[in-house]
Amino acid sequence: MSIFERTSHPLGPVSRNFLFCLVTITMFVVSSFFFCLHTTVRPNFIDHNFLPSSKLNAVSDRWGAPLRDESKFEQSIVTLSPPTSQQSRSEVQNTQKCNPDTALLKVYMYDLPPQFHFGLLQWEDKEQKIWPNIRGKLPDYPGALNLQHSIEYWLTLDLLSSRLPDRSSPCTALKVDNSSEADVVFVPFFSSLCYNRFAKAAPHKKSQNKLLQEKLVEYLMEQEEWKRTGGRDHIVLAHHPNSMLDARMSLWPAIFILADFGRYPPNIANVEKDVIAPYKHMIRTFVNDSAGFDSRPTLLYFQGAIYRKDGGVVRQELFYLLKDEKDVHFSFGSVRQNGVSEASHGMHGSKFCLNIAGDTPSSNRLFDAIVSHCVPVIISDDIELPFEDVLDYSEFCIFVRTSDAVKEGFLTKLIRSIGKEEWTRMWEKLKEIEHYFEFQYPSQEDDAVQMIWKAVARKVPMVKLRVHQMRRYARYGMVEEMNPRLLSVKFS
């Protein structure tokens, strides 16, 4: 006997059973409605400020998003749906401009004298101003091989323009006047240009490159911003492998922006604290590329210096293995004697382009291949790649271990096994991601400049952790100083 039959009630047993079923069905329908509502309208917790494109695999906030204040966190919770009809046109247009309220990174920049930056470009101001008028003609950065390490130029210009009221392009980094408001501190020293132009010295004299590094270290050690964090939130540009050779041991706590770690001990530069930035490509971008698999007659292309030292000895081994292959182009080349134009033509007509370690693990050849939509074949065991925490290079590059590449027949057999369908898929991906490696002024959304700033932003939580650890014993007048030698165990 049911509980309803044992309980006195004016309704009969049948009516009570009917009422019970009706209530149960109603409760089920209502709960289902609320469950569906919850699962369909909940926000998508993806911080698109830290991703280059919605086309890439999403990185959840749990794993990838840096620590930040609640207001920025709420702004970063967005959906992928298009703007609603209730949004005004001006609101949509404002997302394409440099908005100080939504900039991902606040940057304080030292007003170093021009001798550290644009003065190296022979720029000087009659009124002895520190910075050039960026609304007028900008100082030209020298071309040829200088240009491949020119990130210092583009990043500095981007910061200077971030405060212009009429800037029409979006910005990731915003220059602030008060260092206490900043996430990071930017050191505007054109170190690569300084090395390329002023590394040579007269006998028994210091080079201008060495003198400027000494002055820079002396200047930074006196700044309150450096003392406050031990330099851990400072950004130092050292993209050329030989730049900052004299200063790097003194400035090791800073965030270095590098081409690779080839000439750095792991206790001075490592992937945990530093940022790998792309080279500026030398050859022209393949615009409106319709040259697919069958339109590229060369299977495998390499043109450059063949005889190198250190890890680059593999180049000459590959030269002897590949020089007689009928559909492989492997020859010496340089920027002189129309070399850049020849490389452009060669890469645009090739299916695969070799990127082989040279004196250092990286070169601009990889980025030349990317903008040529020539599938890169990377033979460099120690290479570090820009933005690899958000880009999956295996989708558009072929990686080959050096020990395998030098086996007779291995490389050509591997490359010939990649059919038209797989190659076309990588070719299409190259066209999709090439803009992440374009340097331009003013910077555009998710170009190389803004991708570098986003990579810096992803380091900020670790910077804050290190700074907070350093301050543990500040109550007793002691500041914890980390010895770079002690870090070699962790990063080696």
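The values are calculated or read from the model by the stated rules, or taken from the named source; none is laboratory data. Because the structure is a prediction, the values reported are computed rather than measured. Cβ atoms come from the backbone with ideal geometry, glycine included; neighbour counts cover every protein chain shown. All accessible areas refer to the heavy atoms of the entire protein, side chains included, with ligands and DNA or RNA removed. Shrake-Rupley method; radii C 1.70, N 1.55, O 1.52, S 1.80 Å.
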Which of H373, H345 is most accessible, then next, and so on - probe 1.4 Å: H345, H373
Peptide ranges 253-260, 459-466 listed from the most packed, as the mean C-beta count within 10 angstrom indicates: 253-260, 459-466
Heavy-atom surface of the stretch 213-334, accessible at 1.4 Å and reported per residue (Å²): 42 Å²
Integer Hz, Karplus 6.51/-1.76/1.60 couplings in order for the stretch 227-240, x for Gly and Pro: 5, 5, 10, x, x, 5, 9, 8, 9, 10, 8, 8, 6, 5
Nonlocal amide H pairs with K106, under 5 Å, H built at 1.01 Å: L174, D183, V184
Set of lysines near K205 by C-alpha distance (under 18 Å), chain-local residues within fewer than 8 positions excluded: K215
Cross-link reach list, aspartates and glutamates versus K323, counting only Cα pairs under 14 Å and skipping chain neighbours closer than eight places: E408
For W252, solvent-accessible area (1.4 Å; no DNA, RNA or ligand), Å²: 30 Å²
Carbon/sulfur fraction of accessible area - the stretch 209-294, other protein chains in place, 1.4 Å, %: 53 percent
Candidate lysines - alpha carbon under 24 Å from K459, same-chain residues fewer than 8 apart omitted: K55, K72, K106, K175, K227, K273, K280, K490
Residues with amide H under 5 Å from that of F256, placed H, sequence gap 5 or more: V236, V275
Centroid-to-centroid separation of the stretch 190-227 and the stretch 131-170 [C-alpha atoms, Å]: 22 Å
Heavy-atom SASA rank of H240, H234 (probe 1.4 Å, accessible area, largest first): H240, H234
Computed log₁₀ I(q)/I(0) - Debye formula, equal Cα scatterers, no solvent, the stretch 189-338, q 0.10, 0.15, 0.16, 0.18 Å⁻¹: -0.56, -0.96, -1.02, -1.14
Amide H contacts under 5 Å for N355, placed H, 5+ residues apart: V377, I378, I379
Among 108-116, 166-174, the order from most to least packed when residues are scored by Cβ within 10 Å on average: 166-174, 108-116
